[in-house]
């Protein structure tokens, strides 16, 4: 669901329905074209559809306009009756309003428009959408019917049981008869197949066999007289039903529950929250060094992530809070306190995308990176030190130390062959930074470039060789800022906007998007011209429709999100049509358990990459020293000068036999005539199921093999 991205006035909780209709209206023809056999796809599918049904776009415009103006949405909720009932182990929470009535209103409007508009009716019955559209219409109708049986709020939560997250869906029951309706829907969608959803009443739950312990998770729904509850196993349903029977409300007094309840104050439409401190504990930390690195990053101290969407004075607003158990430190402290965003005075009001961030001292960030990287990054910093000695400059002092921390990036065009962009950086000492850039460019393959003076500003042009054609980067120093752009004309335009006051930073559309209770000062900002980005995307996938659709959305508001760094929290607020980065963050926070799977996948990919690196290193070793493959894994490491016992072909971490959650066991073959012609390497997860699930094997053939249940051998199948 994307709240606030399409409707420009009124509440935007209805986007799910409007989006479904938009998918029918605008995507079906393209899908049909993609489904055509290779080499037979119709050219200009959109144009053909519009030519076949003249007046279709205006008809769709009228439909969306009526939906925006006439659909009534659920009122904001000042409290939740479900929240206190959840178990104290709850670590994730999302609550949505019941949009059934709004769906029905929009569906009614659509049917009226279809009846009154011959072109819409003809297209609906005979166009490319004829097959998919009615199915979605029927699904929306069923959603409305189902919504009449349940309360005003739908809650999805997750409770932690050991290292497993148990999802739970809860909603109040408004009137009897829900079980029959649910069972009918389940049977209809299952058809001749076995239903993947089981609908139970309390008496059936008591005798039900356990469900959900196998590899395929299936939904079990309990319909009580007061609540309907969904879970992926019967045990979770029984436990929660027992809580309801005993009237337990302990989550209301739990710190996490109290923080969520606080979000309801003043009324909310959607609220989401994640107990990150508990969720982070589920993510496996491989080695002691990785644990130390994570602690130094500052993100081990995350507390809660809470996102709220509400209506303030008739305008949609969203806000998020990422809190910490103490003052921010490490990487988490890099976002600076709010400050005036002067770099926006160089940004075009016609920008498609723009983003600004205010960081603490870049030199301090450099120090933090050096400390966090520890021994694993010592080699890289040593090489940097050698380069600094050769160039007679310090990256920390002469480059990063001359930057103020405020950075803005702007994108005006996404044409692949010639994107139009610029970056603006606050500068402490322009002359010293220019000298550093001159030194770096002189030592680069590109040279110092050309210099132009115009309007009292010196522009520097650097030409970068590239295929199919070279491109250039231009930069200039103006009033304490460094402007870097894709062309001299773009850089000069930035200077003109700064001097004339016609920039995005001074524009009414940006100032109007400042969240209530805040000033334009911020720690970060993200700006998106929604209409421009949609039109640019359409020009790439359907050029023949881009201009027409751009006209329909020409008055849409920009999406703007603001961030504020505080001592123990980072807050985000989105006004106007902002989607709100917090919404994404909350979903990510609730999905942190999926990081277990992501971490496993990343570890497995790293293990395979390490095996391939070792295969290459073994071949190089054999060629270099003429004695066959190495006797030990450590022989490939980097300690000391290159030699048969320390060849310097792999990093010391991998040479030590453990990396990214995997242990590597190297065995050399029998020596024959002073040569070692064979070897084997096994890569096994350090903690099966947590740091990795698959086992890997390779040998002198270079083929990597795997097994899902035991250490792999030469007889196992190769990776695809």
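What follows draws every value from the coordinates through simple rules; no lab data is involved. Bear in mind the structure is a predicted one, so any value in this text is a computation, not a measurement. For neighbour counting, all protein chains shown are included, and Cβ atoms are generated from backbone atoms with ideal geometry for every residue, glycine included.
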Worksheet entry | FRET efficiency estimate (nearest 0.05) - Cβ-Cβ, residue 194 to residue 174, R0 30 angstrom | 0.50
Item to complete: State, to one decimal in nm, how far the label point of residue 489 lies from the label point of residue 645, with both points 7 Å from Cα in the Cβ direction.
Response: 6.6 nm
Worksheet entry | Ranked packing of 84-90, 676-682, 252-258, most packed first, by mean Cβ within 10 Å | 84-90, 676-682, 252-258
Discussion item. Applying a 10 Å radius around every beta-carbon, put 706-714, 201-209 in order of their mean neighbour count, most first.
Written reply: 706-714, 201-209
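Give me the number: length gained by fully extending residue 665 to residue 450, i.e. 0.36 nm times residue separation minus the C-alpha to C-alpha distance, one decimal in nm. Show your work: numbers first, answer last.
Numbers: separation 215, 0.36 × 215 = 77.40 nm, distance 5.56 nm.
Full extension of this stretch gives 71.8 nm more.
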Fill in: Segment residue 367-residue 101, length gained on full extension (0.36 nm per residue, minus Cα span)
90.1 nm
Worksheet item: How high is the FRET efficiency from residue 569 to residue 244, r the C-beta distance, R0 35 Å, rounded to 0.05?
Response: 0.55
Worksheet item: In a solvent-free Debye calculation with one equal scatterer on each Cα, what is log10 I(q)/I(0) for segment 73-251 at q = 0.20 Å⁻¹, listed in the order of the q values?
Response: -1.40
Discussion item. Assuming 0.36 nm per residue, please report the length gained on full extension of the stretch residue 72 to residue 521 beyond their Cα-Cα distance.
Written reply: 158.1 nm
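Stick to Cα atoms and the Kirkwood definition of Rh, then tell me Rg/Rh for segment 358-446. Could you put the intermediate results ahead of the total?
Working: Rg = 15.6 Å, Rh = 15.0 Å.
Taking Rh as the inverse mean 1/r over Cα pairs, Rg/Rh reads 1.04.
Express as a percent, rounded to the nearest 5, the fraction of DSSP beta bridges in segment 596-707 (both residues included) that run antiparallel. Write down the numbers at each step before the final one.
Numbers: 18 of 20 bridges.
Taking every DSSP beta bridge with both residues in segment 596-707, the antiparallel ones total about 90 percent.
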Discussion item. At 7 Å along Cα-to-Cβ for each site, give me the label-to-label distance between residue 397 and residue 294 in nm.
Written reply: 3.8 nm
Discussion item. Please list the three semi-axes, largest first and in whole Å, of the ellipsoid equivalent to segment 596-707, using sqrt of 5 times the eigenvalues of its alpha carbon gyration tensor.
Written reply: 26, 15, 10
Worksheet item: In nanometres, what is the gap between the two model label sites at residue 62 and residue 471, each 7 Å from Cα along Cα-to-Cβ?
Response: 4.5 nm
Worksheet item: Over segment 332-382, what is the mean sequence separation of C-alpha contacts under 8 Å (at least six apart), divided by residue count, expressed as relative contact order in percent?
Response: 39 percent
Discussion item. Calculate the FRET efficiency for residue 627 and residue 680 from the Cβ-Cβ distance with a Förster distance of 30 Å, rounded to the nearest 0.05.
Written reply: 0.95
Response to the item:
Relative contact order in percent for segment 45-122 (Cα pairs under 8 Å, 6+ apart) equals 47 percent
Response to the item:
One finds the C-alpha centres of segment 664-720 and segment 443-493 to be spaced, in Å, by 52 Å
